[in-house]
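Down below is the structure, laid out as structure tokens.
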Amino acid sequence: MLKTLLLTTFIFLTAYSNWAQQKYWVVLSDKEGVSFNPETYFHPKALQRRLKHNLPLVEETDKPLRTDYIQTVKAIADTISGQSRWLNALACVLSNNSQLEAIKNLPFVNEVRPMTSQSYLSAIPKRNKNGKDMLLEQQIKWLQGEKFEKANLTGKGIRICIIDAGFPEVDESDLFAHIMDRNGIVNTWDFHKNKADVFKFHTHGSMVLSCIAGLNGNQKIGLATDADFLLARTELIFKEGLSEEEDWLMAVEWADKNGADIINSSLGYTTSLYFKEDMDGKTSFITRAGNIAAHKGILVVNAAGNEGDGTWKYIAAPADADSVLTVGGINPWTGIHTSFSSYGPTSDKRMKPNVAAFGHVMAFSKFSNLEETQGTSFASPLIAGFAACVLQQDSALTAMELFNEIEKSGNLHPYYDYAHGYGAPQAGYFTDSMSNEQIDVSFSFKQDEEYIKVIINDNSFSINDEVVVNYDSFFYNGLKPKRLHIGDLYVSGDSNPKLQQPNYIYYHIKNTKGYLREYSVIAPIQKEVLKLNISKFQNETLEVWYKGYYESIEIKQSVHENLPIEDKTKKEEKND
């Protein structure tokens, strides 16, 4: 009885102690007097990247924190658990208000911010279907990966950092033997254990790596089979996703130091302190760090997240960063946005996601070697591998040039929406001659005094009675979203993945402020696929994509009553 009472008391006191402790970011004021030698700190590839981007070898953000400031804070705090050079900040554990006030009152402290972040790996439980061999083939073919292979673009010479939860069996699985045999893992670090061994813990990182560079025999799982890798472990999955922002921050700075060209992060961070309106590209520390990484010449590729079916619904930090390439998920069995994939836009109405790839893939499995799994966690590395091949082809591209070119290669570009971004990037954009065959006009606009209509042309029309999808772009205005969306749950288990560019018509309406009022994907069952009341959308812009053809028009009363708009376009061309 006494032993039981003592044990219960110990558990209670431990729980209370843990509850009482709180983590904070302590942002310092300056780095005055700090010296720094980039030649001894940075890997040569990091220095080369700075020169390519016309950056000085030393920026203020590269310098270490002042040791006197660190020691002063350390004397007050319970623990300093991490630090960020880029943000000039310390991650501190405090257990009482007196400590908090003492640190706030230090003359060199600019800000003290509570840190209660949670991160979620953008993967969800697998749901097996038939057609696995076709799925493995199509996750590459949807990106036209065979064109990269034909051009011998395999990511060779490109260094990719993966920030994740662990990499078990990477050092012994056949899927990664081609990487290990050439010493393609150039550095590793576990930011929880503070040691180099990352080849254990959660399999998620191994799954992600397989979607960038895995080989199943001679068949590619990802596109960048010859890239080099930095592996960073930052996540503790067995603690229900609880993680700390400083681990991600330190991993990104470590990636910069070690010469990364690309970072893949299949993580989304939310917190009790953040709301959807905080997803504005500047509020969270990791979002700011993502933008700093891009400034330093690193392409950061991040999963959009799996909140599309959840209460959050939208992207989470750092996917809201302006300079982070955010990747949404496509359902291979419908060919459109998969229902769990998080939506854009950002709270300040910037387009997210930027592009999309399969959110259901074949990937590494600790138990079966290769299995179907799902989540935008795996769409993101497919694009990271794609980016490595592009950068191999043109190593002169800066990070933001690479970002923009990948957007332009999207199969829907210049059309976009807040579910697909610009669509799935296409390798042919980079490998094929610019003298491509002209895309056939597949639809036309017609209007009268009351309505504007979208009519599919006779030679392009084919019936698609599979699904009608409607998305609303309500974000934080308190309105309940109305969605008619095929759930992944209802896709037949014996269906095979869709071939590229299935038979859907995409449209959005852009308001006069420049963001989307609404957007939809429609499966056509008749040639007149859309009819809009002009007075409801006066002076707004309608943009439509169908079978590779894109057109836009400003919605307003026609000066030529009942004259089809395509006829007016032809007249204007003749005048030119």
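Overview of values
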read-out: Members of the stretch 27-61 found to be hydroxyl-bearing (Ser, Thr, Tyr), in contact with a Phe, Trp or Tyr (Cβ under 8 Å, 6 or more places away or on another chain) and in a loop (DSSP other than H, G, I, E, B), listed by number; value: 29
read-out: Check on residue 205, surrounded by 24 or more Cβ atoms within 10 Å (Cβ to Cβ), touching an Asp or Glu at 6+ places or on another chain (Cβ under 7 Å) and not aliphatic (A, V, I, L, M); value: yes
read-out: Tally of residues being in contact with a strand residue (DSSP E or B) (Cβ under 7 Å, 6 or more places away or on another chain), in a loop (DSSP other than H, G, I, E, B) and within 14 Å of residue 421 (Cβ to Cβ) across the stretch 309-331; value: 2
read-out: Cβ-Cβ under 6 Å pairs, at least 6 apart or on other chains, the stretch 500-529 side crowded, with 16+ Cβ neighbours inside 10 Å, far side of a type in the set (Asp, Glu); value: 508/417; 508/543; 509/518; 509/540; 519/417; 523/466
read-out: The stretch 530-559: number of residues that are without any contact (Cβ under 8 Å) to a residue 12 or more places away in the chain and either under 20 Å from residue 418 (Cα atoms) or of a type in the set (Ser, Thr, Tyr) (or both); value: 1
read-out: Residue that is more than 22 Å from residue 387 (Cα to Cα) and either in contact with a strand residue (DSSP E or B) (Cβ under 7 Å, 6 or more places away or on another chain) or at pLDDT 95 or above (or both), where the choices are 272, 284; value: 284
read-out: Considering residues of the stretch 137-162 that are β-branched (Val, Ile, Thr) and more than 17 Å from residue 216 (Cα to Cα) only, the residue surrounded by the fewest Cβ atoms within 10 Å (Cβ to Cβ); value: 158
read-out: Residue identified as aliphatic (A, V, I, L, M) and surrounded by fewer than 20 Cβ atoms within 10 Å (Cβ to Cβ) among 165, 196; value: 196
read-out: Residues within the stretch 523-576 that are of a type in the set (D, E, K, R) and either touching a His at 6+ places or on another chain (Cβ under 6 Å) or modelled with pLDDT under 50 (or both), tallied; value: 11
read-out: Restricting the stretch 373-394 to residues that are among the aliphatic types (A, V, I, L, M) and in contact with a Gly (Cβ under 6 Å, 6 or more places away or on another chain), the residue that is nearest to residue 336 (Cα to Cα); value: 379
read-out: Hits in the stretch 24-44 - residues which are surrounded by fewer than 16 Cβ atoms within 10 Å (Cβ to Cβ), among the charged types (D, E, K, R) and within 23 Å of residue 298 (Cβ to Cβ); value: 39
read-out: 2 or more residues under 19 Å from the mean Cα position of the chain (by Cα): qualifying helices (runs of 4 or more DSSP H) within the stretch 332-445; value: 376-393, 399-408
read-out: Among (1) surrounded by fewer than 19 Cβ atoms within 10 Å (Cβ to Cβ); (2) more than 30 Å from residue 40 (Cα to Cα) - the single one residue 295 does not satisfy; value: (2)
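The values are calculated or read from the model by the stated rules, or taken from the named source; none is laboratory data. Here the structure is a predicted model, which means the values were calculated and not measured. Note that we place each Cβ from the backbone using ideal geometry, even for glycine, and neighbour counts take in every protein chain shown.
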